[in-house]
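Below you'll find the structure, written out as structure tokens, and then a few comments.
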Amino acid sequence: MPVECQNALTAPSTCHAGLIDPQGPVSAAEMLILLDASLIMLAIIVPTILATLAFAWWFRASNPRAKYRPDFSYSGRIELIVWSIPVMVILLLGGVSWIGSHRLDPATPIESSIAPLEVQVVSLDWKWLFLYPGQGLASVNLLVVPAGTPVHFRLTSASVLSAFFVPQLGSMIYTMNGMTTQLNLMADHPGAYRGMSSHFNGDGFSNMHFTLSAVDPAQFAAWVARARQAGPVLDAVSYRALSRQSINVAPYTFRSADPALFGDIVMQTLPPGPGPGQSRLLNVAPRNGGDDAAR
């Protein structure tokens, strides 16, 4: 079913969180692997079902032409058919999956004549922090990218392990404390796409989602310009306040961000969050931000 997604730069729009609605080259390639694998498996499932029905019909009690062979125990031809078809299916299915998965390595750059946008991602309890090192700003629970431009993500966690996932763009990947992972995605067309933490990670898991807004390059430049004029500054002090556990955090932006912040989080120069085991969220109110464009 469609869910409502809030676009940062336009009125609210409807987005589809389904895996079978690809909107980027990675998700389209993953969809192709899914379809190929399904067709290959149907090539053995459908004949097997038909053969079962045919055998039941032919060897019915009322069919005098069916031979009754109570002493039958082995047939080399039947064994060859029974084993060769599944072996060929497995080899073909394994080959398709192996080749496709290597081509879709999350760290493999997307081929494009456009230079990729660099975005640093930090999963917190229970919200997402996005840092734009090239633009010098940051946002919470809102990811704005130019459509048609590859995006290179570097991801880490400031608390427990989480999973970054934008279903329509593809490739779920983990975020881990003290480590970085890489991911390359691209949105083919402007739109609002639902992002989430796809694995359970504590009290606020069900609300740990964000909107990826793919916009025209000119709109992205305008959003960056507006974001630089409003909102707080993200430094070590404000980051410590941000890292406190909270649920249902409304999207907002920081007009500037310390360029060394992501490295300090990865190297644990800044201490990691308390984690779900130390949750004190029953009376925590949602936090709202200061950038009108992100609301």
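Students often get this wrong: which residues of the stretch 78-111 have the backbone nitrogen under 17 Å from the point 7 angstrom along Cα-to-C-beta of Ala37? Answer for the stretch 78-111: 89-106. Each of Phe72, Leu53, Pro217 was placed along the dipole of the chain (beta-carbon charges, centred on the mean Cα), and the one lying farthest toward the positive end is Phe72. Taken about its Cα centre, the stretch 25-103 carries a charge dipole of roughly 420 debye when the Cβ of each Lys and Arg holds +1 and the Cβ of each Asp and Glu holds -1. Going by neighbour counts of Cβ atoms within 10 Å, the residues Leu35, Leu234 line up, fewest first, as Leu35, Leu234.
Who wins for biggest fluctuation among Ile40, Ile85, Ile20 in a Gaussian network model of the chain, springs between alpha carbons below 10 Å? The residue that fluctuates most here is Ile85.
Among Ala227, Ala187, Ala61, the largest mean-square fluctuation in a Gaussian network model of the chain (Cα springs under 10 Å) belongs to Ala61. The stretch 49-99 and the stretch 204-246 have Cα centres lying 59 Å from one another.
Using only side-chain charges placed at the Cβ, +1 for Lys and Arg and -1 for Asp and Glu, the dipole size of the chain relative to its Cα centre rounds to 680 debye.
Beta bridges assigned by DSSP with both partners in the chain are antiparallel in approximately 65 percent of cases. Contact order for the chain, expressed relative to its length and based on alpha carbon pairs under 8 Å spaced 6+ residues apart, stands at 21 percent. Diagonalising the gyration tensor over the Cα atoms of the stretch 25-103 and scaling each eigenvalue by 5 before taking the square root yields semi-axes of 38, 16, 5 Å, largest first. Dividing the summed -39500 (n - 2.57) terms of all DSSP H runs of n ≥ 4 by the residue count of the chain sets its mean residue ellipticity at 222 nm at -10000 deg cm²/dmol. For every other residue with a beta carbon closer than 13 angstrom to the beta carbon of His189, add +1 if it is Lys or Arg and -1 if Asp or Glu, then tell me the sum. With Lys, Arg at +1 and Asp, Glu at -1, the net is -3. Ranked by how many other Cβ atoms sit within 10 Å of their own Cβ, fewest first, the residues Trp126, Trp57, Trp223 fall in the order Trp57, Trp223, Trp126.
In this structure the amide hydrogen of Leu185, modeled in the peptide plane, comes within under 5 Å of the amide hydrogens of Val151, Phe153, none closer than 5 places in sequence on its chain. What residue among Gly148, Pro25, Leu270 has its Cα farthest toward the positive end of the dipole of the chain, where the charges are +1 on Lys, Arg and -1 on Asp, Glu, each on the Cβ? Positive-end residue among those listed: Pro25.
Listed by number, the DSSP H helices of the chain that run 27 Å or longer by alpha-carbon position along their axis and have mean Kyte hydropathy of at least 1.6 are 25-58. Judged by the mean number of other Cβ atoms found within 10 Å, the most tightly packed of the peptides 127-134, 198-205 leads the ranking 127-134, 198-205. Using C-alpha pairs below 8 Å separated by at least 6 residues, the relative contact order for the stretch 25-103 is 62 percent.
Taking the number of Cβ atoms within 10 Å of each Cβ as an exposure proxy, the fewest-first ranking of Phe210, Phe72, Phe220 is Phe72, Phe220, Phe210. Label separation (Ile99 vs Asp21): 3.1 nm, computed from points 7 Å beyond Cα along the C-beta direction.
Read-outs throughout are calculated quantities, based only on the coordinates presented, and are distinct from any laboratory measurement. Everything numeric here is computed off the predicted structure, so don't read it as measured data. Here the Cβ is made from the backbone with ideal geometry for all residues, glycine too, and neighbour counts use every protein chain on show.
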